[in-house]
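Coordinate-derived values only; no laboratory data. Owing to the predicted nature of the structure, the values given are computational and were not obtained by experimental measurement. In this analysis, Cβ positions are derived from the backbone assuming ideal geometry, glycine residues included, and neighbour counts consider all displayed protein chains.
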Amino acid sequence: MLNLLLKLDQRIEQRLGLHFPPMKIDRLGVGFATDVLASGRALFVDALATDILAAFPNYPHGALFRVLPRGTPRPPIHEIFTINKALFEAFQLDYAAPRLEADWPVHVHVRYVQAWQIIADELAAKHDADAQAAYDIGRALAPRP
């Protein structure tokens, strides 16, 4: 099995033209993020990639964060709102929000809510009229007791 995984890693590296560092459970690292961004590829990470999020400009993109090359300005918050609104409209979320005892679905929905909370707070700080809409979207996605 390990042999198969190593071959798969090699094929992915060749196809992407990137070298993956030895895997660590907690993070890939800033060096890897630098290489990905230098290759011109988009990079998305979750909230656990704190070292990458601290080192690069980023913004919420669904349940993840879009990481930008150093020196690249973040899009204006209203553009981030528009990007996420379009993204979430494309998601198939036509089901009841999960109940708190549903472990994985709750985890995913908490990530959705966190993204909208960040967006709503930034919009509110700028007294943008869409702040309430962002709060409402997040509230609608929140897990239920």
For segment 77-141: Kirkwood Rh in Å [reciprocal of mean 1/r, alpha carbons]: 12.2
Per-residue Cβ neighbour rank within 10 angstrom, fewest leading, Tyr112, Tyr59: Tyr59, Tyr112
Scattering profile of segment 42-83 at q = 0.15, 0.18, 0.31 Å⁻¹ [log10 I(q)/I(0), Debye over alpha-carbon scatterers]: -0.32, -0.46, -1.17
Distant-in-sequence amide H partners of Tyr59 (H built 1.01 Å from N, under 5 Å): Arg66
Total formal charge among the other residues, if their Cβ is under 12 angstrom from that of Gly62, Lys/Arg +1 and Asp/Glu -1: +1
